[in-house]
1. One residue is enough: does segment 176-192 have a residue meeting the conditions over 30 Å from Tyr323 (Cα atoms), open to solvent by 50 Å² or more (accessible area, probe 1.4 Å) and part of a loop (DSSP other than H, G, I, E, B)?
2. Condition test on Arg211, is it surrounded by 13 or more Cβ atoms within 10 Å (Cβ to Cβ), in a loop (DSSP other than H, G, I, E, B) and under 22 Å from the mean Cα position of the chain (by Cα)?
3. Kindly check whether there is at least one residue in segment 277-293 that is assigned to a strand (DSSP E or B) and either at pLDDT 95 or above or hydrophobic (A, V, I, L, M, F, W, C) (or both).
4. So Ser75 clears everything in (1) among the small types (Gly, Ala, Ser); (2) under 30 Å from Val345 (Cβ atoms); (3) open to solvent by less than 30 Å² (accessible area, probe 1.4 Å) except one condition, right? Which one?
5. Is it fair to say Ile201 is assigned to a strand (DSSP E or B) and out of contact with any helix residue (DSSP H, G or I) (no Cβ under 6 Å at 6 or more places or on another chain)?
6. Going residue by residue through segment 291-303, is there one that turns out to be open to solvent by less than 30 Å² (accessible area, probe 1.4 Å), out of contact with any Leu (no Cβ under 9 Å at 6 or more places or on another chain) and either among the basic types (Lys, Arg) or within 29 Å of Val341 (Cβ to Cβ) (or both)?
7. Can you tell me how many residues in segment 96-150 are crowded, with 23+ Cβ neighbours inside 10 Å, under 21 Å from Lys196 (Cα atoms) and in contact with a His (Cβ under 8 Å, 6 or more places away or on another chain)?
8. Got at least one residue in segment 247-255 being surrounded by fewer than 16 Cβ atoms within 10 Å (Cβ to Cβ) and either more than 22 Å from Ala349 (Cβ to Cβ) or touching a strand residue (DSSP E or B) at 6+ places or on another chain (Cβ under 6 Å) (or both)?
Amino acid sequence: MIKIVYLDSAAGTQMSLPVFQEIKPFLMDIYANPSSSYRFADIPKQAIKLARERCAKAINAEPEQIIFTSGATESNNLVMGQGVIISSKYEHPSMKIGFTADDIQLEINKLQRMGTNSIIVSHQFVNNETGTIFDVKRYADIAHASGCFFHTDATQAFSHIPIDVKDIDCDFLSLSGHKFHAPRGIGLLYVKAPDKFNSPIIGGGQERGLRSGTENTAGIVGLGKAMELYNYSPLANERMKTLKYTLLEHLKAKCPCEYRINAIDGLPTVDNIVNISFKRINGEALALLLDYQGYCVSQGSACHSASAEPSAVLKAINVPEDYIRGTIRVSFSKDNSVDEVISFVDCLAEKIKALQN
């Protein structure tokens, strides 16, 4: 049986054993609805309270500013309901409803001249394809100087760079737990002023009326534990740096074709994501050949056929035509090893040679 080497952690991570052990009782034994009034329900109720405190501490928020959701896509959609969105051209598809702007200030001015109120500027913290880190504090300042709100999708940032909502001064921030070893289907939305939040999800009044629906106790408990365990630390990030350095150095020595490492506007990138475009190589075929050998990577150009349009992000940063369709994204987690990275590059070089022939 072929061993799986998972190098697509930007798409999703394996739930860690400590997180699983924390949530296991809530999957089987502690099954009471936390909204119920009897004593048995106090156990999940208190567990949710602890998880909320853990999540808040991890991003320097207050517990009452945390709304549990099914993930960042839902969190982003909840933000859309709060006003008119102006977003960057690099956003995740869940934030691409509204106005996309190259120059956010110009777009703000245009909308305000039209009499538009409740404008929300949204900008990624870390790009999901290239790992580029954006100066979201600067975008928050631009938004607030014009009387607008600011939201950041920090889905790819948590665990890999420090997040402090008070320092950023954001009004909203979205996270997904499956990016940092929590269960799938759980995330959060940070809301600076929850008393002014207009929720479109009505029902039983859970989450203080900000997101109704019976609580996903196990998921919430897992999210809290994961945010406590896997928040950014320089020591943990050294492992990502080592893996990235190993990949880049081995690639330089072994790759039989020209390639480029993609980032946006020369900005820094997180150490767990590397976006690589190979010259005159079919990225779809390359990813497929790697898959046959057990190596899981993302096809960074997001092409699904030879005629499909490449990624809008890669087009926006002017990746050359003879490189753009040969793109893959490699992304690491705490579970990867240097040996895995070396064996991956060896296999990658072999498969590129096969495609060249």
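1. Yes, that holds for at least one residue.
2. Criteria met by Arg211.
3. yes
4. Ser75 satisfies all of (1) among the small types (Gly, Ala, Ser); (2) under 30 Å from Val345 (Cβ atoms); (3) open to solvent by less than 30 Å² (accessible area, probe 1.4 Å) except (2).
5. So Ile201 does not fit the description; no.
6. Yes; the residues of segment 291-303 include at least one that is open to solvent by less than 30 Å² (accessible area, probe 1.4 Å), out of contact with any Leu (no Cβ under 9 Å at 6 or more places or on another chain) and either among the basic types (Lys, Arg) or within 29 Å of Val341 (Cβ to Cβ) (or both).
7. 3
8. Scanning segment 247-255, I find no residue that is surrounded by fewer than 16 Cβ atoms within 10 Å (Cβ to Cβ) and either more than 22 Å from Ala349 (Cβ to Cβ) or touching a strand residue (DSSP E or B) at 6+ places or on another chain (Cβ under 6 Å) (or both), so the answer is no.
The values are calculated or read from the model by the stated rules, or taken from the named source; none is laboratory data. In this text the structure is predicted, and so the values were computed from the model without any measurement. Backbone-built Cβ (ideal geometry, glycine too); neighbour counts: all protein chains shown. Only protein heavy atoms, including side chains, enter the accessible area calculation; ligands, DNA and RNA are left aside. Shrake-Rupley method; radii C 1.70, N 1.55, O 1.52, S 1.80 Å.
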